[in-house]
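The values are calculated or read from the model by the stated rules, or taken from the named source; none is laboratory data. A quick note: this is a predicted structure, and the numbers were derived from the prediction, not measured. Don't worry about glycine lacking a Cβ; one is built from the backbone with ideal geometry, like all the others, and counts go over all protein chains shown.
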Amino acid sequence: MLNRYPLWKNLMVVFTLIIGLLYALPNVYGEDPAIQISGARGASADMSTLDAVTEDLKQNNISYKSVAFENGTVLVRFNDTDTQISARDILNEELGDKFVVALNLAPSTPKWLQSIGASPMKLGLDLRGGVHFLMEVDMDAAMEKLLSQQEETFRTELREAKIRYGAISKTKDAVEVRLRDAEQLNEAEKALEKLHPDMIFVEKRNNVLSATFTDAVCKRSATTLWIRTSPFYVIV
């Protein structure tokens with residue numbers, strides 16, 4: 001099949017393909033695991049920060065690919081992510097609160113490509129595989145809040161039942177009701193057991209009634225918290 005197009009059009013197509021391939025090359029080189037160090041709380045990173053970072057890494061036998069001061073931040077490149085994370089932990093401890101030590105991915109584009117303005121395509125979170133969030137739930141704090149609510153509930157219920165009590169207080173894992181005498185203790189125990197079948201009531205010394213949650217309630221509370229937070233565990 002004969003090429004009927006003029007020579008200049010063919011050359012234009014070839015030239016366009018070469019330029020396209022040239023500016024696509026940075027995507028082939030990928031990215032280096034890196035740490036970016038910037039100032040915080042009024043501090044600023046400078047060349048002395050770079051020297052301190054280099055010295056800290058050498059003292060802890062952390063190998064790095066390169067270190068540079070760019071745009072007011074210190075950028076340290078590493079060969080693998082394990083070294084990157086180890087270096088982050090060390091620098092966080094050594095530099096203190098005056099600097100922010102953040103994990104980063106730095107393009108490994110050669111300088112000759114950078115000189116002509118070629119840079120890799122910036123991928124969004126969806127193309128990078130998403131982001132993983134881990135949310136921790138403080139079960140002790142959750143149970144403490146539940147006991148505090150139960151403390152107020154007991155006060156209301158005993159007043160409505162016209163049962164006189166001395167004091168109601170919350171301990172680490174129970175709500176204790178101090179009654180005036182044994183008769184009031186028995187009445188309070190019967191009334192509260194009827195209203196709260198999911199709690200365990202135990203008589204203690206000095207007319208004190210101790211109330212704790214059953215294992216089923218604790219498990220149900222943990223499951224409820226997990227259901228409420230589970231949509232935030234993984235976002236892709």
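Exactly one residue out of A52, A45, A24 is closer than 22 Å to K122 by Cα and either outside the structural domain of Q114 (by TED's automatic domain parsing) or more than 22 Å from the chain's Cα centre (by Cα) (or both), and it is A24.
Note on segment 66-83: residues that are free of Cβ contacts under 8 Å to residues at least 12 places away in the same chain and part of a loop (DSSP other than H, G, I, E, B) amount to 1. Test S48 against the stated conditions and say whether it is small (G, A, S) and free of Cβ contacts under 8 Å to residues at least 12 places away in the same chain. Criteria met by S48.
Filtered by the rule that a residue be surrounded by 12 or more Cβ atoms within 10 Å (Cβ to Cβ), more than 22 Å from the chain's Cα centre (by Cα) and in a helix (DSSP H, G or I), segment 95-120 gives L113, Q114.
Within the bounds of segment 48-60, is there any residue that is part of a loop (DSSP other than H, G, I, E, B) and closer than 28 Å to W112 by Cα? No, that holds for no residue. Exactly one residue out of E183, E187 is surrounded by 15 or more Cβ atoms within 10 Å (Cβ to Cβ), in a helix (DSSP H, G or I) and either out of contact with any Leu (no Cβ under 6 Å at 6 or more places or on another chain) or hydroxyl-bearing (S, T, Y) (or both), and it is E187.
Here's the yes/no breakdown for (1) touching a helix residue (DSSP H, G or I) at 6+ places or on another chain (Cβ under 8 Å); (2) closer than 16 Å to L146 by Cβ; (3) assigned by TED's automatic domain parsing to the domain that holds L147:
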position	(1), (2), (3)
A174	yes, yes, yes
V177	yes, no, yes
E183	no, no, yes
E189	no, no, yes
E193	no, no, yes
E203	yes, no, yes
S210	no, yes, yes
T214	no, yes, yes
